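None of the figures in this text is laboratory data; all of them are computed from the coordinates on show. Not measured: the values here are computed from a predicted model. When we count neighbours, we look across all protein chains shown, and the Cβ atoms used for this are built from the backbone with ideal geometry, even at glycine.
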Amino acid sequence: MNCPKCNAVNNQDARFCGSCGYDLQSAPQENINNEEVEEILEVDEPAQPEMQQPIMQETQVEQPVMQQPVMEQPTMQPVNQQYNQIPQQPGLNPQNKPKKSKAPLIIIGALVAVAAIIVCVILLLNLNPSEEKLEKDKIDAIFNPEQLIKVKKDDKYGFIDTEGNVKISTKYEYATDFKGKYAVVRSEVETDGLTKTVYQIIDNKGKVQKEAKTKIEYIEENDSWIIDEELYNNKMKKISPEGVRVDHKEDKYYLWVNSKENTGGLMNEKGKQIYTYNFKSGETSIYVTIPSIDESQKERYCVVNVERKYGVINCDTGVVVREMAEERISSNTDNIFTVKDSSYDFKEKFYVQNDKVMYSTTNEEMSVYYYPGYLSLRDGTVTDWRDRYSYFDLKTGEVVKEQPSSTDEDDKEDEEDLNSWEKETNNKYFTCSDGYGLMNNDVITLPCQWDSLEYLDLDLYKYLKANKKDYIYGKNDGKWYLIDLAQKKAIVEFNTSYLTKREQTTFIYYTDDASDTRKVYNLLSNKSLSIDKDKTLTVNSNYITVKDTEANSLKYYNTDLKMIYEGDI
């Protein structure tokens, strides 16, 4: 022990200083070893903000999730109490308590930070789902076997589940099947002695999501809705700009008009106005022609028409390729266009690629056809048929007499685009003397022994494949078969020469040649049902109905082909 007066070293239990005689027991304890105390504080004090900083940062990233754990962190309070006291040396601490380790705090902080990052990633994935997830959700919504089923009873419509339990009572004047998460219903409402027709969109709980004054339209191609000329996505969020009236054109394209700003144009399925036209005096409407194109073409170009003026734009970006003018432009498909003057006399043919005119001719007798890599040109004015054909090479920009040869890459791309099912599965037909077979690269999937093979609709194939069912149709000796590609053999025989297949349903049906009865088969449940030929069969996405006119009865069957409800016709 050091004497506070002369700093001489004494024994720990000495009463008086051996050098100056100072009463060591009367010395104030808080002044002993003060230099060591200050040194310990300088080392340990920064540990508190060091631990708090990453927690605060993570809390800012995901405050709703992380705020509560930080506030209730059990190790934070003892740490703060420790730093509010003066640390003692082990020999001077009456309780001889060791200093607490910082390791648990570091571990907890790291775990909190990792948890915050994981939560943020999950939120970002949900806010920005991948194209694959969006496609899967769309396909699942189409074929969902548990979707509520529309029924009719006592001349009113309602909905049941797939076991026949009434989920939404039969109270509507009219109803549609569910489209994804929603259905449209019509009610007659009396207000002040007047009967008013009301159209509403309801969810699967029967709760009204939207009510329309004039029109409701479901756009199946991209799972969206037009309600009173406004565009909504599949979550009932309005995505068209304020003040804009929308009309579906086709596929993912919409026409729009803003009467207040006197503008109109083309909009995509996300509500983005990709092309805007400013109306002149007397102009009130706009029209757009969406041409069909070859699968190998990466761009699509549209004809825009306002009054007697026409132009050409990129359908997806709105880039103007040909300015609006009083010349009539029509599409010949494959981004080939014909121009006529104001008197409707021929003026020009041209082909568009990469947002520019690649080829143009004023020869009215010139026929232009698109092929991957080149245009085939047939000049009807040439008398010798051997000289009528020439070719415009889309790579070099030159007109040549010999047909350009495609590269191996072009052939591969063209081949992949020939059939979407083949592209999805890597399977392709091959032929032999015994008929047709299927091959995956160099491996034979099906032996070459079938009179005919037929692919399933691609969306249906993807849905069934996700449910561990890998199917294709095959025909032999006048009968159709359901072939399991995983087992490489037929699993069901349909005694018929003709199968009726419908898009967006897992049901198929046919007339049995032996019994002359109608049969229904479900590809998901692998169940079948025989139906009298005098009954009327209606096939829907996840259910069928059988109508008996004489009995005024309508029976409902689910995908297991089990009767679940009997209603009115």
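Between residue 540 and 545, the built amide H atoms are under 5 Å apart, and every one of these is 5 or more places off in sequence or on another chain. Label sites at residue 181 and residue 560, each approximated as a point 7 angstrom past Cα along Cα to Cβ, lie 2.8 nm apart.
For the residue pairs 535/555; 249/423; 207/235, alpha carbon separations beyond 20 Å are given by 249/423. Figure legend: label point modelled 7 angstrom from the Cα of residue 298 along Cα→Cβ; residues of region 327-354 with amide N under 19 Å from it are 334-336, 351-354.
Between residue 222 and residue 419, the contour length at 0.36 nm per residue exceeds the Cα-Cα span by 68.7 nm.
Overall shape: prolate for region 359-490, with the ratio a/c of the largest to smallest alpha carbon gyration tensor axis at 1.5 or above and a/b above b/c. Over all other residues within a Cβ to Cβ distance under 10 Å of residue 239, the charged ones net out to +3, with Lys and Arg as +1 and Asp and Glu as -1.
The 3J(HN,Hα) values that the Karplus relation (6.51, -1.76, 1.60; θ = phi - 60°) gives for region 238-254 are, in residue order, 5, 10, 7, x, 5, x, 9, 9, 10, 9, 6, 8, 5, 6, 9, 10, 10 Hz. Gly and Pro appear as x. Under 1.5 on a/c is rounded, so check that first for region 143-239, then, if it is not, pick prolate when a/b is larger than b/c and oblate when it is not; a ≥ b ≥ c are the square roots of the alpha carbon gyration tensor eigenvalues. In terms of gyration-tensor shape, oblate. Measuring from label point to label point, each 7 Å out along Cα→Cβ, what is the residue 261 to residue 136 span in nm? Here the answer is 3.8 nm between the modelled labels.
Based on the Cβ-Cβ distance of residue 363 and residue 429, what FRET efficiency does E = 1/(1 + (r/R0)^6) give at R0 = 45 Å, to the nearest 0.05?
Between residue 363 and residue 429 the formula returns 0.65.
Summing Cβ point charges (Lys, Arg +1; Asp, Glu -1) relative to the Cα centre of region 274-400 gives a dipole of roughly 180 debye. This model, with +1 at the C-beta of Lys and Arg and -1 at the C-beta of Asp and Glu, gives region 143-239 a dipole about its Cα centre of some 260 debye. What is region 450-535 by shape, rounded, prolate or oblate, if you read a ≥ b ≥ c off the alpha carbon gyration tensor as root eigenvalues and call it rounded for a/c under 1.5, prolate for a/b larger than b/c, and oblate otherwise? Taking the square roots of the gyration eigenvalues as a ≥ b ≥ c, region 450-535 is oblate.
Remark: the residue 525-residue 452 segment gains 23.8 nm on full extension, using 0.36 nm per residue and subtracting the alpha carbon distance. At a Förster radius of 41 Å, what calculated FRET efficiency corresponds to the Cβ-Cβ distance of residue 488 and residue 405, to the nearest 0.05? Rounded to the nearest 0.05, the efficiency is 0.65. Packing order of peptides 204-210, 227-233, highest average first: 227-233, 204-210 (average count of other Cβ atoms within 10 Å over each peptide's residues).
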